[in-house]
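Notes follow once the structure below has been shown.
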Amino acid sequence: MKTPSARLVHLLIGKSIIETLVVGALAVFTFINVLPPYFHGWGEVTETGISGWAVNNASPWERVEVQLYVDGKFVADAIANQPRPDVLAAGWARDEWHGYSFRLSPQSLGYHEARVYVLHDSGGGTRKSLQLLGNPIPFFVDEDGKILKLPSK
């Protein structure tokens with residue numbers, strides 16, 4: 001059996017490196033177009049539910065649609081268009097109208113986890129994707145049905 005020449009080995013290694021770079025570039029391009037990294041926001045537990053803010057840094061005047069999931073189940077959606085002067089003061093937005101608030105229906109006793117997502121159009125409006133805002137929001141419902149804030153994991 002013939003051993004491959006050093007030149008052939010170098011060509012094959014070079015080809016593999018170029019293919020890896022092309023596939024990596026395509027993956028980054030796809031990720032940026034399908035799941036853009038320019039949404040920022042946060043949510044927190046309140047006495048009646050989950051409230052927070054959401055901003056699209058690529059279009060800071062736009063009001064974004066947010067969706068609430070509790071324990072992995074869809075609960076509600078809303079447009080983040082409520083006043084949040086703290087978000088404007090912190091420099092996260094160009095105006096204060098990026099807040100949202102979800103009133104929770106009665107939940108069962110025990111530990112729960114809420115997640116707030118931004119609904120994002122991509123592909124010229126042909127696709128929609130969800131991007132998590134901030135971290136999951138843990139909360140506890142006591143015997144009286146009161147919602148209690150828990151520390152994040």
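The values are calculated or read from the model by the stated rules, or taken from the named source; none is laboratory data. In this text the structure is predicted, and so the values were computed from the model without any measurement. Glycine also receives a Cβ, built like all others from the backbone with ideal geometry; neighbour counts cover every protein chain displayed. All accessible areas refer to the heavy atoms of the entire protein, side chains included, with ligands and DNA or RNA removed. Shrake-Rupley method; radii C 1.70, N 1.55, O 1.52, S 1.80 Å.
Points to keep in mind about this one:
- Whole-percent carbon and sulfur share, accessible surface of the chain, 1.4 Å: 61 percent
- In the full protein context, the chain carries 65 Å² of accessible surface per residue, based on a 1.4 Å probe and ignoring ligands, DNA and RNA.
- FRET efficiency for D95 and F74, using Cβ-Cβ distance with R0 set to 25 Å, rounded to 0.05: 0.30
- Net charge, S51 excluded, C-beta distance under 12 Å - Lys, Arg +1, Asp, Glu -1: 0
- Sequence of W61, W53 from largest to smallest accessible area, 1.4 Å probe: W61, W53
- Phi angles of the stretch 95-110 translate, via the Karplus equation with coefficients 6.51, -1.76, 1.60 and θ = phi - 60°, into HN-Hα couplings of 8, 8, 8, 9, x, 9, 8, 10, 8, 8, 6, x, 10, 5, 4, x Hz per residue; Gly and Pro are given as x.
- Cα centroids of the stretch 41-82 and the stretch 94-115: 8 Å apart.
- Stokes-Einstein D in µm²/s, Kirkwood radius over Cα pairs - the chain at 25 °C with 0.890 mPa s viscosity: 134 µm²/s
- Per-residue ellipticity at 222 nm computed for the chain from its helices equals -7500 deg cm²/dmol, with DSSP H segments shorter than 4 residues left out and the rest contributing -39,500 (n - 2.57).
- Sequence of T48, T20, T3 when ordered by accessible area, the most exposed leading, probe 1.4 angstrom: T3, T20, T48
- Radius of gyration and maximum dimension Dmax of the stretch 3-81, Cα, Å: 22.8, 74
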